[in-house]
1. Name the single residue, out of those in the stretch 73-110 being charged (D, E, K, R) and under 22 Å from the mean Cα position of the chain (by Cα), that is surrounded by the fewest Cβ atoms within 10 Å (Cβ to Cβ).
2. Can you tell me which condition Glu37 does not meet? The list is (1) under 27 Å from Ser114 (Cα atoms); (2) surrounded by 15 or more Cβ atoms within 10 Å (Cβ to Cβ), and all the others hold.
3. Could you count how many residues in the stretch 71-115 are charged (D, E, K, R) and at positive phi?
4. Considering only residues that are β-branched (Val, Ile, Thr) and crowded, with 23+ Cβ neighbours inside 10 Å, look in the stretch 159-185 and name the one that is modelled with the lowest pLDDT.
5. I need every pair where a residue in the stretch 78-103 that is more than 15 Å from Arg300 (Cβ to Cβ) and not assigned by TED's automatic domain parsing to the domain that holds Glu66 has its Cβ under 6 Å from the Cβ of a residue that is surrounded by fewer than 22 Cβ atoms within 10 Å (Cβ to Cβ) and at pLDDT 95 or above, sequence separation at least 6 or different chains.
6. With the structure loaded, tell me whether Leu233 is in contact with a strand residue (DSSP E or B) (Cβ under 8 Å, 6 or more places away or on another chain) and closer than 23 Å to Arg135 by Cβ or whether it fails that test.
7. Based on this model, can you work out whether Ile53 counts as in a strand (DSSP E or B), touching a strand residue (DSSP E or B) at 6+ places or on another chain (Cβ under 8 Å) and of a type in the set (Val, Ile, Thr)?
8. Condition first: modelled with pLDDT of 80 or more, surrounded by 11 or more Cβ atoms within 10 Å (Cβ to Cβ) and either part of a helix (DSSP H, G or I) or hydroxyl-bearing (Ser, Thr, Tyr) (or both). Now tell me which residues in the stretch 115-135 satisfy that.
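The values are calculated or read from the model by the stated rules, or taken from the named source; none is laboratory data. Fair warning: this is a prediction, and the values are worked out from it, not measured in the lab. In this analysis, Cβ positions are derived from the backbone assuming ideal geometry, glycine residues included, and neighbour counts consider all displayed protein chains.
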Amino acid sequence: MNRSTKLPLAAAIFALSCAVGGGVAVAADATINLSAEKQTIRGFGGMNYPTWIADLTAAQRATVFENGNNQLGFTVLRIHVDENKDNWTKEVATAKFAFERGHIVFASPWNPPSDMKEAFSCGNCNGANGDPTYRLKYNRYADYAKHLNDFVTYMKNNGVELSAISIQNEPDYDAGWLYWTPTEIVNFLKNNARSINCRIIAPESFQYVKTLSDPILNDAQALANVDIIGAHLYGTQLTQFPYPLFKSKGAGKELWMTEAYHPNSKDSADVWPGALDVAQHVHNAMVEAEFQMYVWWYIRRLYSPLKEDGTISKRGYMMAHFSKFVRPGYVRVDATKSPETNVFVSAYKSGSKAVIVAVNKKTSTSSMNFTVSGGGATGSVESWRTSGTENMLKATGTIAVSGGKFSATLPAQSVTTFVGTLSADGGNTDVNVTCNVNNLNASYIAGSSVPRPNVSCGPNGGAAGAATFHISGSADAVSGWSSPGGANKMYNPGVREVVLNNLECGGVNVTPAAPVTCGSIEIVPDQTTSVANAGANARKPFSVSVRGKTLFITAAPPTVVEIYNIKGGKEASINISGATHTVNLSLPDGVYFAKVRGMRDVKFVVK
């Protein structure tokens, strides 16, 4: 949104409480259910616009896109598609810096080349700044698609593979750039979008106006040709954050918040406690809107995450409480979103890691009791805090977790991020192993006579540790697992997860240091992820496991499975003709996503 109006740490000990004493307010309760999965997070970031304002310096790029001390840990960069190809070179340096660190880079256009647009009269849609109203000439749609595709190719040839490209920035704002009607957007998506060799974002409404995106979701062909519903949050009321139509029709699509500044562009980004509004805004974007991405407007401005002198602002630290810890591929999980008035909690997980971000906007301390369930690990929690006098201050020591519970004090007007291995499994140690379910095929999931895995559990308190298994298919797929006494098996239907404490195979304790086989299950240590379920509304079973460079895919044929890298680039398209499929791929080490239309993405790791 290019408008004139838009223009080092001290040691301390956090106050932690495990009990409520006389004269102290009764603690509020926040419950986190790690098994109740929500959206997959793609990242947090901002915009670089070097044809408008000077590019980020090398030092500023490091502050923004790296994740050490006094760095923001951003994992998303938005760039501009200039109408003049001679200006494209200005986008390369910062984009390449971000891309080489594995981050998402995507692009949005404001205007096409001047010969492709025309002035027109549209009644009430005159430009907000009194500018003429322009639209894309109807006979130039193919040329415009080629223009966007040329930018994709240019960036790729200069070392940056875009994750996605938008067809238009804020088509409903019209302050000096193209105006699009919903019908025009749908027509372009149906007839021209797929000639662009990149994932497509639309419509990027300036205020998340659903009348612009509803027609896309309601048109099967337009929906098939868009990959990401993008939106901006300028003046959007909280009641408009949820999007039921997307939840009902957007299967296989992503939902990105691609631009905002909040609460305004006139205040210094260091104004406190005003900067707390940013933390609440990110919370609402994640929890109420269920966006997978949060992108600030221009990264370096007086009101932005990075101040003009290149140092991190208070608003920047508000975003960093999410961006430094909730990394791409983390999944938001259910949490008590507001345990008390003006206190906001969201939670995320990846593997055995859990992250809780707690925002206290009250002018008084808040004592919180956290209960974490649905996970397979226990231990301690680290914490970081920002307040009026602190910036991302790490607590000395850790918080003990007992039975999935811990307590903490949230100082007045502060944000605290908690990171740990949390659960309510009674204190056993998680050895961080997962199952390669090579033998779970479609006929097995359907309930045929194929034997279920013969895995048993010893009593709690044994020496063997725990293992977490992610099982493809319906609840019936795990109902036959054996557990002596039935007390040590925990099934979480939300993620098709079985947690087996003190794992035994044939009466022998198993603490894997190398792959072992128990029945038809291969237990592989040190895999970040192995299998994820397609979700309750999936049309057919879908799972992926990985061993070295070999993928094992389980799906009911016929199915096409597409493999994308973390930056959104397509690595492979695999036709599944049988119930199980083995693929040897030459993939570099890294994080990948397997996609089947209409199903939840499956994340896997090659290492």
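1. Result: Glu100.
2. Looking at each condition in turn, Glu37 falls short on (1).
3. Count: 0.
4. So, considering only residues that are β-branched (Val, Ile, Thr) and crowded, with 23+ Cβ neighbours inside 10 Å, the one modelled with the lowest pLDDT is Val160.
5. Hits for this filter: zero, empty list.
6. Taking the combined requirement at face value, the residue does not satisfy it.
7. So Ile53 does not fit the description; no.
8. Met116, Thr133, Tyr134
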